[in-house]
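Below: one structure, written as structure tokens.
Please treat every number below as a calculation from the coordinates, not as lab data. This structure is a prediction, so every number in the text was calculated from the model and none was measured. Glycine gets a Cβ as well: all are built from the backbone with ideal geometry, and neighbour counts include every protein chain shown.
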Amino acid sequence: MTSAPAIHSDAAMPPAKLISLPEAVRRYTWDGMLYASGAALPIGSDAVVFGRELLRQGRKDLHTVFHCNSQQLNLLAAVGAATKAECGFSGLEVFGFANGLRRAVESGRMALEDYSNLSIPLRLLGGALNWPFVPATVNIGSDLQDRSAFAPEDYPSRGKIGMVTDPFTGQQVGAFKPLKPDLAAIHVTMADPTGNAIMLGTEWSRFELSRAAKRVVLIADAIVDPACMRQFPNLVRIPEMVVEAVVYWPHGAWPQSSPGMYDVDEEHMRAMNAALATAEGTAEYVAKFVSAYDGVESYLEMIGRERLAKLSATATAFLMDPYRKWVLPAEEVAKIQAGSQAA
Amino acid sequence: MSKPQAGKEPDAYTRQEMMAIATGREIRDGELAIFGVGLSMLAGFFAQAHHAPHVRAMTEGGVYGSSPVGGLPWGIECNRISTNATSFTSALDALGCLVASGRCDVGIIGAAQVDKFGNVNTTGIWDGEIGDTYRLPKTRLTGAGGANDIACGAKRYLIMVAHEPKRFVEKVTYVSSPGYLDGGDARARHGFVGGGPSAIITTLGVLRPHPETKEFELAGWFPFSSPEEIVANTAWALKVSPSAHVIDAPSPAEIAALRKVDETGALRKR
């Protein structure tokens, strides 16, 4: 950490938490766990690369929480690694239906419990605040309440979204069950080595999730000097004290986008979704884009340098301008990681 | 489905474009509005470009003060909608503080299926009714997303959907987003903050709810369609409102404004 202004140099810093992606998956994931992705909607900032590593290490029977489906869940579902999912939205926005997820749901290999884009963050907020339940003014009176894929016999279901009496008015109101995932793998634009993070673009539900999850691993496109966080403390919505580990993995959301960093890879979004429509296509995809790299450098080679340059020439690049001077070069990140991973 | 209507109009336009313009006409200047991804976003930002410059537009990701740059965004958090935002917050903020609170004036949602009381299914297609035990859909769709929250909380909302018999059904198999449920005052029983759907805008015309029964009736047809065509493409016995009329074709200014927003021609390709 070379560039911290002198005025900060005396401040005590917690230890660096940089570790490799394989190490993060080894340490913090297991079969059958409640795994949450911290993403910004289906085509935005999501640690898709974390899902690839889950598959590389053969994790299975995952009970997943995806506020919105992304290519990560599409892939986990296509391979059969996710057997349960709780989602607010399960498509790929303008890229259409998520074929891997669709195949898994239609065949019964993955039970998909439907919520909405507000009820998932409300449930996370309930988990974060350790509330017994969260009052529900949405999802009630529809089949989101009455139908449960996890308890098909319960109809009209009151085990999924229950009803309680409002003590002040006597009215019946809905009640959501809080969520406390075992792990949240949260994609962020930048983090310092200790785990303070800044997200550019919508944070979607990453704030609530970072407090609801029992453990948080950040996957960052860039590692910055802690001085950056001291310059913009109001923007640090995920502070290091809730973070277990930081993984540096540029283009970790690929083929999705990361505002300020890179655009969505339209061609690969389509090709990937087309591949996941069949078991054969999925196997081929896994061979080519999940098993085929070994570390960050070969991952970037796999995508292609020319393509990366094109994706990085995003119209949102100016969003990074205020932070650029604090971005640490890869060699320095590697040096810090060598120290913290061993610790 | 959306062949250009070159024979009828000097400025050829597609059915999708007519649907987007008719939807945009429902948005009033100064309103707090929430747009979903795809067609509804184009309709909303068309309104802003044409007649509602002070519409306060947001997406459910909590992206405020922005408009699409470089064409139809791939998603509501896409970089194409993130290049000129003045505030980025969260879903809890946009769908919660601004919609579930009752502040939002108008939302626009899409539908795979819609029924005569404006209930929307975007979750799945089943062969027949689901029955007492939940079972797998034949075809899994996208789920509710933010549409359920908009349907529950926005003061009013608009439904955009291609007009085909398979989509306009007597009763949707699965209610993903509530319209007027069984009709009448059914919404009041659940205490929804929002008022319900004010119009269904289709590729053929516009349907509006009867003030008492809340059953949707034909309110208008487009220059290239007719009440007969619309009734024939609706699987329930669609009533025609006594005040139903032909809806104005897009003006050259409307077409120009829409195509400025729809830079990549998404509405012309379909």
Show which aspartates and glutamates lie in cross-link reach of B:LYS138 when reach means a straight Cα distance below 20 angstrom and same-chain residues fewer than eight apart are skipped. A:GLU86, A:GLU106, A:GLU113, A:ASP114, A:ASP143, A:ASP146, A:GLU153, B:ASP115, B:ASP127, B:GLU129, B:GLU164, B:GLU170
Pick out, in residue order, every one of the trypsin sites (Lys or Arg not before Pro) in the range A:232-290 that is DSSP loop and has at most 13 other C-beta atoms within 10 Å; say none if there are none. none
When the dipole is taken about the Cα centre of the protein assembly as shown, and only Lys, Arg (+1) and Asp, Glu (-1) are charged at their Cβ, what size is it in debye, to the nearest 20? 240
In which sequence would A:LEU144, A:LEU55 go, from the one with the fewest C-beta neighbours within 10 Å to the one with the most? A:LEU55, A:LEU144
Net charge dipole size for the range A:132-176 [Lys, Arg +1 and Asp, Glu -1 on Cβ; Debye, nearest 20]: 80
Show which lysines lie in cross-link reach of A:LYS335 when reach means a straight Cα distance below 17 angstrom and same-chain residues fewer than eight apart are skipped. A:LYS17
Take peptide A:86-92, look around each residue's Cβ out to 10 angstrom, count Cβ atoms belonging to other protein chains, and average those counts. 6
Near A:LYS160, which lysines are there with a Cα under 20 Å away, not counting those fewer than 8 places off in the same chain? A:LYS84, A:LYS177, A:LYS180
Heads up, the range A:1-156 by the C-alpha gyration tensor (a ≥ b ≥ c square roots of eigenvalues; a/c under 1.5 rounded, else a/b over b/c prolate, else oblate) looks prolate
Inter-part gap, Cα centre of the range A:296-313 to Cα centre of the range B:219-259, in whole angstrom, is 49
In sequence order, calculated HN-Hα J values of the range A:185-200 (Karplus, 6.51, -1.76, 1.60; Hz; x Gly/Pro): 9, 10, 7, 10, 5, 8, 9, 8, x, 8, x, 6, 9, 10, 10, 9
As a check on your grasp of the helix formula, calculate [θ] at 222 nm for the protein assembly as shown: sum -39500 (n - 2.57) over DSSP H runs of n ≥ 4, divide by the residue count, round to the nearest 500. -7500 deg cm²/dmol
The long-range amide H neighbours of B:ARG156, using H built 1.01 Å from N in the peptide plane and a cut-off of under 5 Å, are B:VAL106, B:GLY107, B:GLY195
Enumerate the calculated ³J(HN,Hα) couplings along the range B:252-262 in order (Karplus 6.51 cos²θ - 1.76 cosθ + 1.60, θ = phi - 60°), each rounded to whole Hz, writing x wherever the residue is Gly or Pro. x, 5, 5, 4, 4, 5, 4, 6, 5, 6, 8
Would you please put A:318-329, A:29-40 in order of how densely packed they are, using the mean number of other Cβ atoms within 10 angstrom per residue and starting with the highest? A:29-40, A:318-329
Output the relative contact order of chain B, whole-number percent, from Cα pairs under 8 angstrom with separation of 6+ residues. 20
Work out, step by step, the length gained on full extension between A:SER107 and A:ARG215: first 0.36 nm times the residue separation, then minus their alpha carbon distance; give nm to one decimal. 35.7 nm
Restricting to Cα pairs under 8 Å and 6 or more apart, the percent relative contact order of chain A works out to 21
Residue (of A:GLY108, A:CYS68, A:VAL49) at the positive-pole extreme of chain A, dipole from beta-carbon charges: A:GLY108
Antiparallel bridge percentage (DSSP; both residues within the protein assembly as shown; nearest 5): 35
Two decimals is fine: what's Rg over Rh for the protein assembly as shown, C-alpha atoms, Kirkwood radius as Rh? 0.97
If amide H atoms are modeled at 1.01 Å from N in the peptide plane, then the residues at a separation of 5 or more from A:LEU18, or on another chain, having amide H under 5 Å from its own are A:VAL246
Shape of chain A, Cα gyration tensor, a/c cut at 1.5: oblate
At 7 Å along the Cα-to-beta-carbon direction for both A:MET163 and A:LYS288, put a label point, then send me their distance in nm to one decimal. 5.2
Relative to the compact globular guide of 2.2 N^0.38 Å, what is the alpha carbon radius of gyration of the range A:132-176, as a ratio? 1.15
If one computes the Cα centroid of the range B:175-189 and of the range A:96-132, what distance in Å separates the two points? 24
